[in-house]
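The structure under discussion appears below in the form of structure tokens.
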Amino acid sequence: MSPFKSSTGLPENLAATLCYLFPMVGGILFLSLEKRSRYVIFHALQSLLTFAVLAIAHLLSGAVPIIGLLASALLALVGVVLWLVLMANAIQGKWFKLPWIGAIAEKQMQRI
């Protein structure tokens, strides 16, 4: 466990993991609660952006006949893999940054 505590009182790595454990809801919750830890804020932003993009992609794939079903299944698989990888890195205390989305989250974090 991380020796550093977030402003929520939880260890930073646990708070960051919870951002991913509850996709989108965890990100929104920790963005509203966290005042100090840049680590937790980064992971909350990355979680929110990642799973919002996946949700929109699922919605759009549902509008395409036949191929949309295949795309939706692939998106579900990608979503589960990302969910597990992101949680594993967060609990280990790593600043794991996804391509594109991680850069956007980092840029947004600088504004907060």
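The values are calculated or read from the model by the stated rules, or taken from the named source; none is laboratory data. Fair warning: this is a prediction, and the values are worked out from it, not measured in the lab. Neighbour counts are summed over all protein chains in view; Cβ atoms, including those assigned to glycine, are modelled from backbone coordinates with ideal geometry. For accessibility, only protein heavy atoms count, side chains too; no ligands or nucleic acids. Shrake-Rupley method; radii C 1.70, N 1.55, O 1.52, S 1.80 Å.
Go through the residues of segment 87-94 one by one and say whether even a single one is in contact (Cβ under 8 Å) with a residue 24 or more places away in the chain and either of a type in the set (D, E, K, R) or not in a helix (DSSP H, G or I) (or both).
First pass over segment 87-94, keeping only residues in contact (Cβ under 8 Å) with a residue 24 or more places away in the chain: 87, 90-93.
From the residues that got through so far, the ones that are either of a type in the set (D, E, K, R) or not in a helix (DSSP H, G or I) (or both) too are 92-93.
Among the residues of segment 87-94, at least one is in contact (Cβ under 8 Å) with a residue 24 or more places away in the chain and either of a type in the set (D, E, K, R) or not in a helix (DSSP H, G or I) (or both), which makes the answer yes.
Conditions (1) small (Gly, Ala, Ser); (2) closer than 30 Å to Ser7 by Cβ; (3) modelled with pLDDT of 95 or more, marked per residue:
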residue	(1), (2), (3)
Ser37	yes, yes, no
His43	no, yes, yes
Ser47	yes, yes, yes
Gly62	yes, no, no
Leu69	no, no, no
Val80	no, no, yes
Val85	no, yes, yes
Ala90	yes, yes, yes
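Of all residues in segment 86-112, which are open to solvent by 60 Å² or more (accessible area, probe 1.4 Å) and either within 13 Å of Thr50 (Cβ to Cβ) or in contact with a helix residue (DSSP H, G or I) (Cβ under 9 Å, 6 or more places away or on another chain) (or both)?
Correct list: Ile91, Gln92, Lys94, Trp95, Phe96, Lys97, Pro99, Trp100, Ile104, Glu106, Gln108, Ile112.
On the given criteria, is Ser32 over 27 Å from Leu77 (Cβ atoms) and free of Cβ contacts under 8 Å to residues at least 60 places away in the same chain? Break it down stepwise before answering.
On the way: over 27 Å from Leu77 (Cβ atoms): yes; free of Cβ contacts under 8 Å to residues at least 60 places away in the same chain: yes.
The answer is yes for Ser32.
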